[in-house]
Amino acid sequence: MVKTYEALMGSLGRSMFYRPERQRVRELLSRDARPKLLINGAEYPLFDVSMNGLSFLTPNGARDWPIGTTIDLELLLHEEPVYSGTAHVARVEPGPRGSRVGVGLMTGFLDLPEIRRRDDQKLLEEQMDPGAAGQMAKVPQSYREKVTEILHFFQFYRRALDYHERRFRAEGATDSDLTAFAQRAYEALREPYYQLHREATSEALKFMSQREVLIAAKEYTETVLVPLTLDIPLNKRAYLKPMGYPGDYQVMLYYYNKSFEGDSVFAKVFHRIGLEHPLAHGVCTRKDFIVQLMEGEHDRVLAERGGSCEFRVASLGCGPAREVSDYVSKRQTWPGTAVWTLIDQEEEALGVAFRSCKREIGDCGAPAQLDLLNLSFVQMINEGVPLHDPESQDFIYCTGLFDYIKESRAQGLIRALYDLLAPGGLMSVGNAIGPQDCFWTPEFLGDWSMIYRTRDQVLQLGALLPDSAGLEVVAEPGNAYYFLNIRKKEPARGV
Ligand SMILES: C[S@@+](CC[C@H](N)C(=O)[O-])C[C@H]1O[C@@H](n2cnc3c(N)ncnc32)[C@H](O)[C@@H]1O
């Protein structure tokens, strides 16, 4: 099951006492499980479950749920009861729109492996009857026709490219001959490929708000098309998500490297085409945008604080931190020291960032310090950032993270990051622009959901900031991502 960015916890938070793991319902159960939670007979949205408890959402706060209160609890999945008994309120966590109430079971336990097995059995029953016909019947015909067109496109060019690759190889073609062939095919197929994807996006837009149809259309696409794309390195990594979540550092490296990768000319061509998706190309242009902002902020700090100062920068969800190595290679040296704090929940991503940045810093002899933190933003909100004093960072940026975080959480995170920003400093937060006329590709071919935001919705992410904060929303040059730029005012100087 795909993990949400909010569930990625970094290296901390593990304890030596065994506590049954809590799992988000959507990570544990199929889309069809339809959990129904009844507390004292009234229904509440289930949030997460563990073997000895669960939590649910309620619009009401702690007053309605005193700690220790005993409640009657019934949980149904697939409209069948899986638990019925008493529980006690163990904790109430306030949120922006109500509270999350955690309860401990007082009788028995939730046998999660068994619950999952039953869920799988239900799936099997449905797959046998109504089966394939049942799935197809739920998908609009015009969408199926578009998928068939895309299927034909893939298979036509697989056949053609395989044939000519074999022919060229038999004639003794070199690697560079085959790359020239791949380049030619890439140039010819790129535009018609994306035309089809834009058309598929228009079809999908017709049913995005109808949950049943959307689920059926996604499953239909994953049945018919996705298996044919799994020898294309980008598609394979994006869809299979070997790290458990979308957009891991390897996908970002593919985007930045823009090379032909794959075992066949077909795979190379479609891998390379995938890198031209507006959102993928936009990752590169937003990286250059950040390099530019970093340059401006560095100049500002040098002008304000003089040549022996520290320029302090923090990146949250840094991934491979390509903008840092690019910045060092571009600027090479400067007066004083630049201190980058790179934060990511993923240790492997930090390893990649460390290596490439250290290499560039070493090659240029740049006066720089690199601190890497294996932290989740959830821990940051709750516990602050180790090593960082409030108001210590001159430039804070974040790309590829807010597109996965719901509004209220995102607003809280921006507020927490703002506290770390030095007076006069800049914070820049990226988010994919909505509507995106090619969102079908990640959503349906990659099962990769993002939150696309309009200019106003991006501006709204700064809603918890003080009035004194200067806010503007700008699009990066690729026009795929907005940035919310937040300037913290210098305090008024006394006379
Ligand atoms: C799409 S990548 C973007 C990487 C980088 N900012 C870039 O633009 O190249 C998202 C990154 O956020 C990290 N991430 C996801 N959830 C996180 C969390 N809860 N806390 C910190 N980092 C997180 C992932 O590990 C991943 O490296």
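Please label the shape of the stretch 380-495 as rounded, prolate or oblate, based on the square roots a ≥ b ≥ c of the eigenvalues of the alpha-carbon gyration tensor (a/c under 1.5 means rounded; beyond that, a/b larger than b/c means prolate, else oblate). Working shown, then result.
Working: a/c = 2.56, a/b = 1.84, b/c = 1.39.
Because a/c hits 1.5 or more and a/b exceeds b/c, the stretch 380-495 counts as prolate.
If you add up the charges near A87, with Lys and Arg at +1 and Asp and Glu at -1, over every other residue whose beta carbon is less than 13 angstrom from its beta carbon, what do you get? Mind dumping the intermediate values first?
On the way: positive: R91; negative: D72, E74.
Here the count lands on -1.
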Spatially proximal aspartates and glutamates relative to K406 (Cα-Cα < 12 Å; intrachain offsets below 8 disregarded)
E6
Any aspartates and glutamates with Cα under 19 Å of the K36 Cα? List them, leaving off those in the same chain fewer than 8 positions away.
E27, D48, D72, E74, E79, E80, D111, E114, D119, D120, E212
Gain on full stretching of the segment that runs from A133 to R117 - 0.36 nm per residue minus C-alpha separation
3.3 nm
So what are the ³J(HN,Hα) numbers for the stretch 433-444, from phi and the Karplus equation (6.51, -1.76, 1.60; θ = phi - 60°), rounded to whole Hz, Gly and Pro as x?
7, x, x, 10, 6, 10, 6, 4, 4, x, 5, 9
At 0.36 nm per residue, and after removing the present C-alpha to C-alpha distance, how many nm does the segment from T223 to Q183 gain when stretched out fully?
11.4 nm
Below 18 Å, Cα to Cα, which lysines can K146 reach? Residues fewer than 8 away in the same chain don't count.
K138, K206, K218
P(r), alpha carbons of the chain - 10 Å bins starting at zero, rounded %:
4, 16, 24, 25, 19, 9, 3, 0, 0
How much length, in nm to one decimal, is gained on full extension between E21 and K206, taken as 0.36 nm per residue of separation minus their Cα-Cα distance?
62.7 nm
Taking the Cα-to-Cβ direction at T174 and at A62 and moving 7 Å from each Cα, how far apart do the two end points lie in nm?
7.4
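Each reported figure results from applying straightforward, stated rules to the coordinates on display, with no laboratory input. This one's a predicted model, so the numbers in the text were calculated from it and none came from an experiment. Ideal geometry is used to build each Cβ from the backbone, glycine not excepted, and the neighbour counts take in all protein chains shown.
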